[in-house]
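As structure tokens, the structure follows; a few thoughts come after it.
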Amino acid sequence: MNIRIYISIISIWLLPFSKVLAQVSLQKTTCEMLVNPLGIDVQKPRLAWQIISKERNVMQTAYQVLVASSLEKLNVNNGDFWDSGKVNSAESIHVFYNGKALTSRTKVYWKVKVWTSAGQSEWSANNYFSMGLLYYKDWPKGWIGFDRAFPWDNIKTDSRLSARYFRKEFQSSKTVKSATASIIGLGLYELFINGKKVGEDVLSPSPTDYTKNVKYNTFDVTNYIQNGKNAVGTILGNGRFFAMRQNEKPYKIKTFGFPKMLMNINIVYTDGTTANIDTDDSWKGTADGPIRTNNEYDGEEYDATKDISGWNKIGFDDSKWAKAEFVQEPSGVIEAQMNENMRVMNTLKPVSIKKLSADRYILDMGQNMVGWLQIKVKGLKGKQIKMRFAESLQDNGELFTANLRNAKCTDLYTLKGGETETWEPTFAYRGFRYVELSGYTYQPSVNDFAGKMIYDNIKTVGTFETSDALTNQIFKNAWWGIAGSYKGIPVDCPQRNERMPWLGDRGAVAYGESFVFDNGRFYTKWLQDIRNSQKEDGAIPDVAPAFWRYYSDNMTWPGAMLLVTEMVYKQNGDVSAARDNYPAMKKWLSYMQDRYMKDYILTKDSYGDWCMPPITIEFGRGKSADKKYPSELISTAYYYHFTQLMIQFGQAIGNDEDVKSYKALGDKIAVAFNQKYYNEKGYYASNALTDNIIPLYFGMVPKDKVEEVFKKIVYTVEVTNKGHLSNGLVGIQWLMRCLNDYGRPDLAFTVATQKTYPSWGYMVDNGATTIWELWNGNTADPKMNSQNHVMMLGDLLIWYYENLAGIKSESSAFKKITMKPEMISSLNSVNASYNSAYGLIKSSYTKTTKQFNWNVTVPPNTTALVYIPANNKNEVSEKLKSIKDLKFIKMENNRAIYEVGSGDYSFVVDMK
């Protein structure tokens, strides 16, 4: 009886403590912004976690991290690699590992707990990360491949090269504790062990300039290894390594050689011994397999009559295969790939199939998508099914292929005969909505096809919906276009003979994308590509990696490096973006200043306001948009803006001397700029919209001139353009924010919801399901007229989130949030969310003439300033708790401003 009473007393005493623990938990634990990554090469990786709590005003006060060599040790709280102890800190992102040295192939397990204003958390779930091969000597001694073409290949004109197949059998006679595969397959690879494909990735690895760096991938293959005999097999495709048009313009187009690979499988047995399966000349290989050619522009040809049954399983007779050959290694540094590979991320069912003529059919996917087509077909051996792809149709129902230029965008499948055959490409993607099918002896059904949408395995982290149907459709079009452009590099378009990572396309667009996709690692990798493409003298190209050698020297294209660095730092709180890229950015700015700055005017530009809309839709009919109008105004304004960004970066990394230098240089540029371009009538240069927007938004306009310059902008948009934009690629990156920030969000909304030319709505009204390259994409010369090209999004998505929804980072990574949705008279609701580094941010409002309802979510370990539309604070109430519990700051411009901590809030304003 006494024991029972004692236990009851203890239970009652522990109850409040249990409740405290239950109020706070942890999720989304990451290492280097990845979940349980394998084979990393960062020796002091950064850890992060998100705090979950239903309580309000939750702030972290301390954390403890344990890192152990085994799960057993971690489970008994033995951090033999690192026990941070209780660290008094609010940091929950980018927390550096500070334990024992991490060596090649080391795998560690970790967990974290936190102390907060709402109590202490339990330990997080167990996590892990492993180190890759950190030293050159960790890799096998030889790359293998076939450094030549075969008789059936045609590499002189079309870069037609068949895939290479390699295999090896090996013995594993002990009990396996762990097995890890580290592979570099260039240009693209598929890996198999005992007949099973390893992983779900496709089109791997991410492309780079292979003379600078090559990326390896790491896989846990423990469950693939069987006791006794095993077989490992790989297929190598061409990718960007064996370039698509290498002989067309060799002075411009980079190519790197024939496909090749380097691989190590490291097996650790339970008795402590190890074995390594390495690439060497004991492997066997053939190029006479079913993939007869694979080319990113032209497609893939697959001959199923040449299928090699069981080639990647044990017991296959490879006596007729050639001995694998040692080949020259690429000159690039071997590095772990720290961004996600591509995967099949979505599957679409076609909406219709129509007979065109004879045995030709047109398949409609219902959406301009990026990926490939899976087919199911039955027929006689040797019968060929041809698939030709295009984004749109001509008036007569035929494919419109003129805008593909000389990209063939064609797959060819030769049947083996017999039962129903299912096939999809391995090494070729394209952008398409329509497919012309030929070679069928029967009427195919939509059920015979599936569109596989392919892009980097990046999560969608943002949602956005309003009461305006057109706005919703434009957002949807943007999502499809952006997702499809993620190909390990941000390609400009997915269909024609280009598909290049142009820097100018992603300036402000990358920032907008970050609200929709978790793209921090993707753009961190691209920034490395840009650094690697920089010449010794400081020049940065217009395309990076520099698969095309375009070094035209201008501010707007190479300058995307600074804009993307700002985005990664601001949105993800990653100061290493500023630190890693600072030397390259500084060197480039010095290069441009030394070569082209005269009296503080930057005299060199290449593109001007690229792809400005023709005056009317008919004026641009049949005309090429590939025209350049260089502008010293644009180049000088951008140089000024970049000095201001360098001041930010310098402050972030503690370079005080450079901060002073860039401040002084920026001031001189602003003075010279205004002396040369400002007209006393209140505008810049010729009063073009972009010429006025850029200096105003960049803060170059003298304070006493701001109002007049903005009036000119408003007049141009509202009167001259009748509520339409007139910007090209450069101006559209700043238009929406400029109109909004200087007091005309209503005009920004008018521009954003136009349905007549030129506008995003005009694209939608003319059948677009993505974003066009040109404002007059339905009438322009097709030679430069992509129907899936995100560059013209400009800052639209930024405006959607920061201004319509009111989700804006006031300090890096949304540690401090500004929530100030603009009130647009014709917009009755906005419902948006963004999963930031700290957690989910939500802003959802509805309004009528009588009431405004706004539901807000602020993640733990952050605070927000909320700007509630009201005439006075007495109109504001809060459904979940008393409004009096919240910290009122002030009334400003018909807004009641409150500072709030984390939690859910439901504000109500009764209009009087």
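Below, the figures for the structure above:
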quantity: In the range 580-612, the residues that are polar (S, T, N, Q) and in a helix (DSSP H, G or I); calculated: N581, S590, Q593
quantity: Residue check for E72: among the acidic types (D, E), modelled with pLDDT of 95 or more, open to solvent by 20 Å² or more (accessible area, probe 1.4 Å) and over 21 Å from A813 (Cα atoms); calculated: yes
quantity: Residue list for the range 387-403, restricted to those being touching a strand residue (DSSP E or B) at 6+ places or on another chain (Cβ under 7 Å), more than 16 Å from L373 (Cβ to Cβ), outside any loop (DSSP other than H, G, I, E, B) and open to solvent by less than 30 Å² (accessible area, probe 1.4 Å); calculated: S392
quantity: Residue, farthest from Q733 (Cα to Cα), within the range 676-698, restricted to residues that are aliphatic (A, V, I, L, M) and open to solvent by 20 Å² or more (accessible area, probe 1.4 Å); calculated: A685
quantity: Residue within the range 628-651 that is charged (D, E, K, R), in contact with a Gly (Cβ under 9 Å, 6 or more places away or on another chain) and surrounded by fewer than 21 Cβ atoms within 10 Å (Cβ to Cβ) present; calculated: yes
quantity: Selection from the range 415-467 of residues that are farther than 30 Å from L797 by Cα and among the polar types (S, T, N, Q); calculated: T420, T422, T426, S438, T441, Q443, S445, N447
quantity: Positions within the range 319-348 being crowded, with 17+ Cβ neighbours inside 10 Å, within 20 Å of Y455 (Cα to Cα) and not hydrophobic (A, V, I, L, M, F, W, C), in sequence order; calculated: Q337, N339, E340, N341, R343
quantity: Residues (within 21 Å of D609 (Cα to Cα) and outside any helix (DSSP H, G or I)) located in the range 628-668; calculated: K628, Y629, P630, S631
quantity: Checking S309 against (1) surrounded by fewer than 16 Cβ atoms within 10 Å (Cβ to Cβ); (2) touching a Gly at 6+ places or on another chain (Cβ under 8 Å), the condition it does not meet; calculated: (2)
quantity: Selected residue [buried (at least 19 other Cβ atoms within 10 Å of the Cβ) and of a type in the set (F, W, Y)] from W82, W143, W152; calculated: W143
quantity: Condition check for Y135: in contact with a Ser or Thr (Cβ under 8 Å, 6 or more places away or on another chain) and buried (at least 23 other Cβ atoms within 10 Å of the Cβ); calculated: no
quantity: Which numbered condition N581 fails, given (1) open to solvent by 10 Å² or more (accessible area, probe 1.4 Å); (2) farther than 23 Å from G731 by Cβ; (3) in contact (Cβ under 8 Å) with a residue 40 or more places away in the chain; calculated: (1)
quantity: Qualifying residue in the range 806-814 (condition: open to solvent by 10 Å² or more (accessible area, probe 1.4 Å), farther than 15 Å from K842 by Cα, touching a residue at least 40 places away in the same chain (Cβ under 8 Å) and in contact with a helix residue (DSSP H, G or I) (Cβ under 7 Å, 6 or more places away or on another chain)); calculated: yes
quantity: Failed item in (1) more than 19 Å from Q27 (Cα to Cα); (2) open to solvent by less than 30 Å² (accessible area, probe 1.4 Å); (3) within 32 Å of the chain's Cα centre (by Cα), with A48 passing the rest; calculated: (1)
quantity: Filter result for the condition that a residue is over 25 Å from N477 (Cβ atoms), modelled with pLDDT of 95 or more and among the hydroxyl-bearing types (S, T, Y), over Y800, Y838; calculated: Y838
quantity: Filter result for S467 (at pLDDT 95 or above, open to solvent by less than 10 Å² (accessible area, probe 1.4 Å) and more than 15 Å from the chain's Cα centre (by Cα)); calculated: no
quantity: Residue within the range 335-358 that is touching a residue at least 40 places away in the same chain (Cβ under 8 Å), β-branched (V, I, T), under 28 Å from F146 (Cα atoms) and touching a strand residue (DSSP E or B) at 6+ places or on another chain (Cβ under 6 Å) present; calculated: no
quantity: Residue satisfying condition, being in a strand (DSSP E or B), touching a Lys or Arg at 6+ places or on another chain (Cβ under 6 Å) and surrounded by 14 or more Cβ atoms within 10 Å (Cβ to Cβ), within set T857, T846; calculated: T857
quantity: Residue count, the range 226-242 (criterion: surrounded by 19 or more Cβ atoms within 10 Å (Cβ to Cβ) and out of contact with any Asp or Glu (no Cβ under 9 Å at 6 or more places or on another chain)); calculated: 2
quantity: The lone exception for S514 - which of (1) closer than 19 Å to A578 by Cβ; (2) in contact with a Gly (Cβ under 9 Å, 6 or more places away or on another chain); (3) touching a residue at least 60 places away in the same chain (Cβ under 8 Å) it fails; calculated: (3)
quantity: Every residue from the range 535-578 that is charged (D, E, K, R), crowded, with 22+ Cβ neighbours inside 10 Å and closer than 19 Å to P207 by Cβ; calculated: D542
quantity: Index of the failed condition, I841 passing every other in (1) part of a strand (DSSP E or B); (2) open to solvent by 40 Å² or more (accessible area, probe 1.4 Å); (3) among the aliphatic types (A, V, I, L, M); (4) under 25 Å from A469 (Cα atoms); calculated: (2)
quantity: So S357, is it open to solvent by less than 50 Å² (accessible area, probe 1.4 Å) and among the polar types (S, T, N, Q); calculated: yes
quantity: Residues that are buried (at least 16 other Cβ atoms within 10 Å of the Cβ) and not β-branched (V, I, T), drawn from the range 662-675; calculated: Y662, L665, G666, A670, A672, F673
quantity: Residues located in the range 882-905, provided they are loosely packed, with under 15 Cβ neighbours inside 10 Å and either small (G, A, S) or not in a strand (DSSP E or B) (or both); calculated: S882, K884, D885, E892, N893, N894
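The values are calculated or read from the model by the stated rules, or taken from the named source; none is laboratory data. All values reported here derive from a predicted model rather than from experimental measurement. Ideal geometry is used to build each Cβ from the backbone, glycine not excepted, and the neighbour counts take in all protein chains shown. Protein only, heavy atoms only, side chains kept; ligands, DNA and RNA dropped before computing areas. Shrake-Rupley method; radii C 1.70, N 1.55, O 1.52, S 1.80 Å.
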